[in-house]
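These notes concern the structure reproduced below.
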Amino acid sequence: MTSFLKTIMGSGATVLAASAGLAAFTAWNRKRAEQLVPPDGQFADVKGGRLHYLAIGEGAPIVLVHGLGGQLRNFTYALSERLSPHHRLILVDRPGSGYSTYRGDGHCGLATQAAMIVELIDQLGLERPLVVGHSLGGAVALAMALGHPGKIGGLALLAPLTQPIEAIPQVFKALDLRSPIARTMLGWTLAAPAGRLGADGANAQIFGPEPFPVDFETRGGAALTLRPEAFVAACGDVEAARAEMVGIAARYGELSMPVGIMFAKGDLLLDPSVHGLPTVAAIKGAELKMIEGGHMFPLTQPQVTADWIMERAKT
């Protein structure tokens with residue numbers, strides 16, 4: 001019995017030591033990420049949290065909302081420099097992503113995120129801006145339009161999540177956690193080292209079939225994704241999408257503003273035949289444009305993307 005207890009206690013000590021080591025690495029990686037990708041813009045306090053946003057350019061306003069695990073540098077990588085000579089751009093970190101935060105326990109739902117970004121639109125005095133949403137940001141943009149139609153002039157959706165989730169893409173499987181305790185534990189132990197080790201493989205899926213840029217970690221802001229709070233928030237985003245997309249998709253017939261959707265034929269994360277064609281059919285007057293490439297075409301094909309967005313801004 002004494003020998004058995006010593007074995008158990010020794011195993012427990014090993015687990016604790018390993019967990020402490022992983023937490024220390026996570027804290028180091030968190031600090032490193034924030035040094036590599038510091039805040040680029042300003043902060044605004046809104047109901048429920050604080051939003052980090054970047055305002056650049058002049059002209060008719062466009063609000064850009066990034067996708068799952070992203071932040072506003074997804075747009076400054078190459079797209080914003082092509083739009084800002086013609087439009088006033090507001091690039092915003094979604095609540096829980098980048099440097100935006102939200103208050104309260106649990107996750108920040110899509111409708112709540114939408115309301116927070118609409119409050120920012122009001123604070124900045126934007127007159128019915130075009131809202132550009134990429135991937136999960138497309139779902140938030142749709143929630144903005146459905147919940148606050150008088151505030152939004154139109155939608156330009158880039159590879160958007162528009163329909164209920166039936167299967168989580170393999171690259172995001174680790175985010176499909178229901179337990180807040182499990183999210184926090186993984187966020188502070190395994191998420192950062194596993195994420196760094198698997199970064200190339202993950203980027204190959206996210207960008208494929210196009211090659212991923214080698215400077216995505218810094219110029220594209222991806223380093224911030226592996227902070228523990230970003231991991232927890234991304235898990236919450238997956239849960240929110242599961243819970244809210246059925247209701248969002250059921251209301252597309254209510255939309256009367258101009259809506260355009262752009263998809264790449266080779267998208268490995270969201271199928272255009274699921275998230276493009278049925279959605280366009282459900283929204284009166286909506287248009288779908290198909291191009292070659294993969295899910296991250298706003299970064300890999302910025303001029304094609306910018307030209308289409310500016311055409312949508314005229315409608």
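All of the numbers you see were taken from the coordinates with simple rules; none came from a lab. The structure displayed is predicted, hence computed values, not measured ones. Methodologically, a virtual Cβ is constructed for each residue, glycine included, from the backbone with ideal geometry; neighbour enumeration extends over all protein chains shown.
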### Query
Which value, in debye to the nearest 20, gives the size of the charge dipole of the chain about its Cα centre, when Lys and Arg are +1 and Asp and Glu are -1 at the Cβ?
540 debye
### Query
What does the chain give for Rg and for Dmax, in Å, if only its C-alpha atoms count?
20.1, 78
### Query
If only Cα atoms are counted, what is the Rg of segment 44-141, and what is its Dmax, in Å?
12.5, 41
#### Entry: Ordering of 28-35, 275-282 by packing [mean C-beta count within 10 Å, highest first]
275-282, 28-35
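So how much slack lies between Arg242 and Gln123, counting 0.36 nm per residue of separation and subtracting their Cα-Cα distance, in nm?
My answer for the length gained is 39.8 nm.
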#### Entry: Antiparallel bridges, percent of DSSP beta bridges restricted to the chain (to nearest 5)
30 percent
### Task
Can you tell me the order of 82-88, 151-157, 39-45 when each peptide is scored by its average per-residue count of other Cβ atoms within 10 angstrom, highest first?
151-157, 82-88, 39-45
#### Entry: Fully extended contour minus Cα-Cα distance, from Gln42 to Asp176, at 0.36 nm per residue
45.1 nm
### Task
Mind pulling the angle between the C-alpha long axis of helix 136-147 and the longest principal axis of the chain? Nearest 10 degrees, somewhere in 0 to 90.
50 degrees
### Overall Cα dimensions of segment 247-296, principal axis frame, Å, largest first
31, 20, 15
### FRET efficiency for Val214 and Ile291, using Cβ-Cβ distance with R0 set to 22 Å, rounded to 0.05
0.40
## Note on the structure
For segment 91-219 the mean separation of alpha carbon contacts under 8 Å (6+ apart) over residue count, i.e. relative contact order in percent, is 17 percent
### Distance between segment 216-242 and segment 259-315 - C-alpha centres, whole angstrom
23 Å
### Query
Quick one: if you stick a label point 7 Å off each Cα along the C-beta vector at Ala281 and Ala55, how many nm between them?
4.3 nm
### Task
Sort all Cα-Cα distances of segment 169-255 into consecutive 10 angstrom bins from zero, then give the percent of pairs in each bin up to the one containing the longest distance.
15, 40, 29, 14, 1
### Query
For a label point 7 angstrom out from the Cα of Arg251 toward its Cβ, which stretches of segment 124-159 have the backbone nitrogen within less than 14 Å?
139-152
